[in-house]
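The values are calculated or read from the model by the stated rules, or taken from the named source; none is laboratory data. All values derive from a computational prediction rather than experimental measurement. So basically every Cβ, Gly included, is an ideal-geometry build from the backbone, and we count neighbours across all protein chains shown. Each accessible area value is taken on the protein alone, full model and side chains, heavy atoms only, with ligands, DNA and RNA left out. Shrake-Rupley method; radii C 1.70, N 1.55, O 1.52, S 1.80 Å.
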Amino acid sequence: MYILQNALKNIARNKGRNILMGAIILVIIVTTVISLIINTASGAIIQDYKTRFGTRVYINPDTSRVSVMSGRQSEQTVPLPVVYAALAGSDCLMSADLSCHVPSVSDTLLGLGESTGGAVPISPGGSFTKFPTMNVKGYTSPERLDDFKNGYRGITSGTFPVSNNECIVSEDFAALNNIKVGDIIDIAQGMVEDNPLSLKVVGIYFDFTANMFGAAIDAPAAINVRNDIITNYETASIFGKSDPRVDTAEYFLKSPDLLLKFESEARAAGLSYDYKVTTDEEAYNRVVGPVLGMAKISFTFMTVVLILGGLILILLAALSIRERKYEVGVLRAMGMKKHRVAFGLIFESLVITAVCLIVGLGIGAAVAQPVSDILLHGQVTAAESNADSGTGMYYAGVQTDSNAKPLTDLDVNLNLKVVMLIILISLLLVSVSSVTGIIYITKYEPIKILMERN
């Protein structure tokens, strides 16, 4: 009990020195609290963005190897749809969206923008035997299409296609051909090798999207988006077994670090080096870059403060023990054991640090949000200034973009994990501030200490 009472009295006796040491410890704790709060919140946000959006992968022709100007033919021997389907099951992926676009005709249906009913024959020698008047479009998950998610299209009756040979059509197309939910429509590919398809209409959707050359509803039938007959990918892929067809694939990696592994899988599946496998790093960095940069800044600052603060505490402790060595010598001469004297010094540091911890947690929790806002604003501004103009990146003449929007605000708060880490760091500070005195006590005998005092 005497040791504890004496330690408390020593704190009051040496209040000038202890206030200075407490101020340093308080600064370290406040800085650490702010940094840990920001890092914890940033890590959670980054993981959430990775989970929700992933990193988009593009497979596009390498124009440096194959181009019209070079006249070189592609060495791609495995059909791209086969490669796309094989890659859809990769463990590297968070999700995969495959699509197939097949220009089509019908002898019983009229396409918007088509002047006459039925299919229009084309002179021999071309790819088509009849000019396309509608388009069968198959998707892995039609409900995940941007047009439906962003409100440009939406189901007005029925549901999205789930099973094979089910489809949805636009309200305008349905009204023109008197189609209702539950009807069966007959379509053909219009190729020399005719491939008829019967689809059950399970839903009708409104369509506010713009056509390729404007929003006019009377755009030419072949490019009028309201002539889109939307089904699942498997149905469209089987229907479009003959060319021409357009297959695309959107892959989303679990992490940008998996790109090389995914590309290796693509090459093994038969993708030639005439195609590039790239990621939209700009979009990914636009989303998580500012948060990641803010987390790095706060962590670096915390590390510097801890190192410098620790060194200053050791210096102050060394100066303090030199001033108090006579006190230590008297206690040791009275018969007090080394470990008991050391315990007294540790208890003093523990009391000072505990007070600083309570105050520091309050200050840190209050200041963390404004500091986070300032850091994030700076990082977002820097990211925007470095970004190229436009909405996306360009690969092989194809513009790409990302649905993930940059983070403009970050809510931070004090949680149990941060509190536990701060307590551990505080105990470390106690050890640092006491270690010099403990070394001094264990190194010298009381008589030598008293002699040095004389």
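With the simple spin-label model, which puts each label point 7 Å out from Cα in the Cβ direction, the SER431 to LEU8 separation comes to 2.8 nm. Using the Cβ-Cβ distance between ILE184 and ALA44 with R0 set to 45 Å, the FRET efficiency works out to roughly 0.35.
Remark: accessible surface ordering of ARG245, ARG144 (largest first) is ARG144, ARG245, probe radius 1.4 Å. Within the full protein context, the accessible area of ASP97 is estimated at about 40 Å² for a probe radius of 1.4 Å.
Net length available on complete extension from ALA268 to VAL304 is 8.3 nm, with 0.36 nm assigned per residue and the Cα-Cα distance removed. When each of the peptides 81-93, 289-301 is scored by the mean number of other C-beta atoms lying within 10 Å of its residues, the order from highest to lowest reads 289-301, 81-93.
Per-residue extension of 0.36 nm, minus the Cα-Cα distance of SER198 and LYS337, leaves a gain of 40.5 nm for this segment. Taking every protein chain into account, the 1.4 Å probe leaves LYS417 with about 130 Å² of accessible area, to the nearest ten. Which of LYS15/LYS417; LYS200/LYS241; LYS241/LYS261; LYS9/LYS337; LYS9/LYS338 have a Cα-Cα distance over 22 Å? Over 22 Å apart, Cα to Cα: LYS15/LYS417; LYS241/LYS261. Ranking ILE314, ILE34 by solvent-accessible area of protein heavy atoms (1.4 Å probe, all protein chains present), from largest to smallest, gives ILE314, ILE34. Model label sites at ASP411 and ARG17, defined 7 Å from Cα along the beta-carbon direction, differ in position by 4.8 nm.
Accessible surface for CYS356 stands near 10 Å², nearest 10, in the context of the full protein assembly shown (1.4 Å probe). Legend: residues SER95, SER431, sorted from most to least accessible area (1.4 Å probe; ligands, DNA and RNA excluded), read SER431, SER95.
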